[in-house]
Amino acid sequence: MLLSSLPIPYLIGNLKNLINLALDGNNLTGLIPNRVNKLHSLQHLSLSNNRLQGSIINDLCQLESLSELNLANNMFTGAVPECLGKTSLHQLNLSFNQLGSHLPPSFWSLKNILVLDISSNTLSGIISPEVSNLRAIILLNLSRNQISGSIPTTMATLITLQKLSLAHNKLQGPIPESLSGMISIELIDFSHNHLSGAIPKSLESLLYLKSIDLSYNLLDGEIPNGDPFQNFTAQSFMMNKDLCGKSQLQVRPCRRGNKHISNKVMLAIKCSVPIMVVILVFIGIVFLKHNRDDANYPTNRDLTNLDAPTRISYYDLLQGTNGFDEGNLLGSGSFGSVYKAILPNEKIVAVKVFNIDMEEAFRSFDVECAAMCNLRHRNLIKIISSCSNDDFKSLIMEFMSNGSLDRWLYSHNYCLDILQRLNIMVDLAAALEYLHHGTLTPIVHCDIKPSNVLLDEDMVAHLSDFGIAKLLSEGLLETHTKTLAIVGYMAPEYGSKGVISFKGDVYSYGIVLMEMFTRKKPTDEMFVEGLGLKDWVSKSTPHSIINILDVNLLHQGNPNISNILPHISSIFNLALSCCTESPEARIMMTDVVVSLKKIRSYLRKILETCH
């Protein structure tokens, strides 16, 4: 609805429970009312494409729950508030305004920021070396400002960055060689600056780079021709008069060699040759000695462990698993198998060996490494190390002595009681809450099911198998995939369109929660002709839940079953809230954790009274 030149109502501050406020594309004028600081529950505020004026008020910084702020395409003036750099924002868009002055130093401390777009303003100053603090950043757009100085070499540490635009500024100096460290980068735009020197050949290692624009600078030397530069056109390099390379790039050809080498150069070459020979001989001796020392470790190691790197060789794993014998096999999946192993220090671990004949397995190995290397949570499986070369890839994980939830739930030898089941589901909810909201780069697991929930010796649940997990990119709340999870646990939008979002994990969690207390898989043969686990639970709640409750819980002879059933009904209602057809209507994992803990508290009191 298009409003007619109206200001934002002052009384908007009365909507204290408001979570999402989007007034984009209207004709709003005037200032942002300072009573907006009363919206303590507000998580998303979007006022883009209006005619709002004045300065960006500091009152916005008081919104502690705010994760997304979009004020793009307005008429805001003055400086960017320094306090915004001290918030926990995930997305900030201030583009296409009239903001001036320097970027506040605090902005380089936005450790949770995913998307930062302050393009098309009149900001000056430099890009601080502390830009390396933006460890979660996916999109950084500072284009069309008055930013000067050089591109800091520390930008290379932004390994999650996918899109970087510094175009139309006053940047000088060379393009740092170190930018090859931005391993996830897909787009680079440094056009319309005053950059000089050669284009670093190291940028050829950026395997995901799809677009680069270095036009209208002062660059010289040869244009790199390795991947991904083979796919770039002349538009990427135009108006750099001293560049050379292939004719199709519309630059002069590079000279190969020089027939007129000076006497001084020849003398330098003659003097340096003996020195180089001595150095090469020394390196050869060291190399041979190193090979002798490593005779028992013929496999290259690629170890991943941030706490205390543990050197584990292929030989150690071979010995520890008895040659990957079937007697030590813990389980198999689409991308490989998991074995029990005993390391030389007598520590028992689980070794996930990936099937090197499958391209998807290689991708799964990379995803698990990327997803797990920075995660620390008591309810996530811990990766101790990895062992990798061209012919072998494996992850070494902590061993879970009680196996999977699937094994316990469908065993005939033992039965989980009500509190044990609730504890496990609280653990799983806490793990998902951490992945969705507690990490620098939010992660969608995509494969929530009982076989991926492992139990340690204290029956504490640990979520495992991140082989098809997705790191949300470009600040979006969803992405797409062609890799599908197990039928029955998939959200409708995941199965039909490949749409990945937090809410897909929430749906899968709801299905597992129902399965936990009915002991019925969503693929059980009883579910035919359009009837599914969700429909079965929905039709039985709240008046007939005793008919769908796992009979093992009823056989435990609890005399207060009538007092327990209302709380079991609350659990099923919570599960149904997770499994609504519309993703937007599904509950958040933060709310699931709170609700389940309350139910657990009530049930404990009832069960303690029974005993």
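The values are calculated or read from the model by the stated rules, or taken from the named source; none is laboratory data. Nothing here was measured: the structure is a model prediction, and the numbers come from that model. So basically every Cβ, Gly included, is an ideal-geometry build from the backbone, and we count neighbours across all protein chains shown.
Taking the condition of being out of contact with any helix residue (DSSP H, G or I) (no Cβ under 9 Å at 6 or more places or on another chain) and either touching a residue at least 40 places away in the same chain (Cβ under 8 Å) or not hydroxyl-bearing (Ser, Thr, Tyr) (or both), how many residues in the stretch 574-609 meet it?
Residues that pass the stated criteria total 3.
Can you find a residue that is in a loop (DSSP other than H, G, I, E, B) and either outside the structural domain of residue 497 (by TED's automatic domain parsing) or buried (at least 16 other Cβ atoms within 10 Å of the Cβ) (or both) anywhere in the stretch 562-578?
For the stretch 562-578, residues in a loop (DSSP other than H, G, I, E, B) and either outside the structural domain of residue 497 (by TED's automatic domain parsing) or buried (at least 16 other Cβ atoms within 10 Å of the Cβ) (or both): absent.
Would you confirm whether or not the stretch 70-78 contains a residue that is assigned to a strand (DSSP E or B), hydrophobic (A, V, I, L, M, F, W, C), modelled with pLDDT of 90 or more and crowded, with 18+ Cβ neighbours inside 10 Å?
No, there is no match, as no residue in the stretch 70-78 is assigned to a strand (DSSP E or B), hydrophobic (A, V, I, L, M, F, W, C), modelled with pLDDT of 90 or more and crowded, with 18+ Cβ neighbours inside 10 Å.
Could we say that residue 60 is part of a strand (DSSP E or B), farther than 20 Å from residue 27 by Cβ and without any contact (Cβ under 8 Å) to a residue 60 or more places away in the chain here?
no
Regarding residue 503, is this residue assigned to a loop (DSSP other than H, G, I, E, B), surrounded by 17 or more Cβ atoms within 10 Å (Cβ to Cβ) and basic (Lys, Arg)?
The answer is no for residue 503.
Restricting to the stretch 79-90, name every residue that is outside any strand (DSSP E or B) and of a type in the set (A, V, I, L, M).
Listed by number, the residues that qualify are 80, 84, 89.
Among the numbered criteria (1) part of a helix (DSSP H, G or I); (2) closer than 28 Å to residue 412 by Cα, which one does residue 592 miss?
Condition not satisfied by residue 592: (2).
Please list, ordered by first then second residue, the pairs with beta carbon atoms under 8 Å, 6 or more apart or interchain, first in the stretch 116-139 and at negative phi and crowded, with 16+ Cβ neighbours inside 10 Å, second at pLDDT below 90 and basic (Lys, Arg).
Matching pairs, first to second residue: 133/111; 134/111; 135/111; 136/111.
When the stretch 201-233 is examined, which residues are found to be among the aliphatic types (A, V, I, L, M) and either surrounded by fewer than 19 Cβ atoms within 10 Å (Cβ to Cβ) or closer than 20 Å to residue 168 by Cα (or both)?
207, 212, 214, 218, 219, listed by residue number.
Could you please give the count of residues in the stretch 91-109 that are within 18 Å of residue 130 (Cα to Cα) and not in a strand (DSSP E or B)?
Of the residues in the stretch 91-109, 7 are within 18 Å of residue 130 (Cα to Cα) and not in a strand (DSSP E or B).
Just wondering, is there one or more residues in the stretch 519-530 that are closer than 14 Å to residue 418 by Cβ and either surrounded by 16 or more Cβ atoms within 10 Å (Cβ to Cβ) or among the hydrophobic types (A, V, I, L, M, F, W, C) (or both)?
yes
How many residues does the stretch 85-108 contain that are surrounded by 20 or more Cβ atoms within 10 Å (Cβ to Cβ), closer than 27 Å to residue 15 by Cα and not polar (S, T, N, Q)?
So the count comes out to 4.
Restricting to the stretch 362-419, what's the tally of residues that are at pLDDT 80 or above and assigned to a helix (DSSP H, G or I)?
The qualifying residues number 7.
Name the single residue, out of those in the stretch 171-200 being within 21 Å of the chain's Cα centre (by Cα) and more than 21 Å from residue 238 (Cα to Cα), that is surrounded by the most Cβ atoms within 10 Å (Cβ to Cβ).
185
Of the residues in the stretch 525-541, how many are of a type in the set (A, V, I, L, M) and part of a loop (DSSP other than H, G, I, E, B)?
Selection size over the stretch 525-541: 3.
Exactly one of these conditions fails for residue 441: (1) within 30 Å of residue 314 (Cα to Cα); (2) assigned to a loop (DSSP other than H, G, I, E, B). Give me its number.
(1)
Can you tell me how many residues in the stretch 408-445 are free of Cβ contacts under 8 Å to residues at least 60 places away in the same chain and within 18 Å of the chain's Cα centre (by Cα)?
Number of matching residues: 2.
Scan the stretch 557-571 and tell me whether some residue there is at pLDDT 95 or above and either in contact with an Asp or Glu (Cβ under 9 Å, 6 or more places away or on another chain) or not hydroxyl-bearing (Ser, Thr, Tyr) (or both).
Among the residues of the stretch 557-571, at least one is at pLDDT 95 or above and either in contact with an Asp or Glu (Cβ under 9 Å, 6 or more places away or on another chain) or not hydroxyl-bearing (Ser, Thr, Tyr) (or both), which makes the answer yes.
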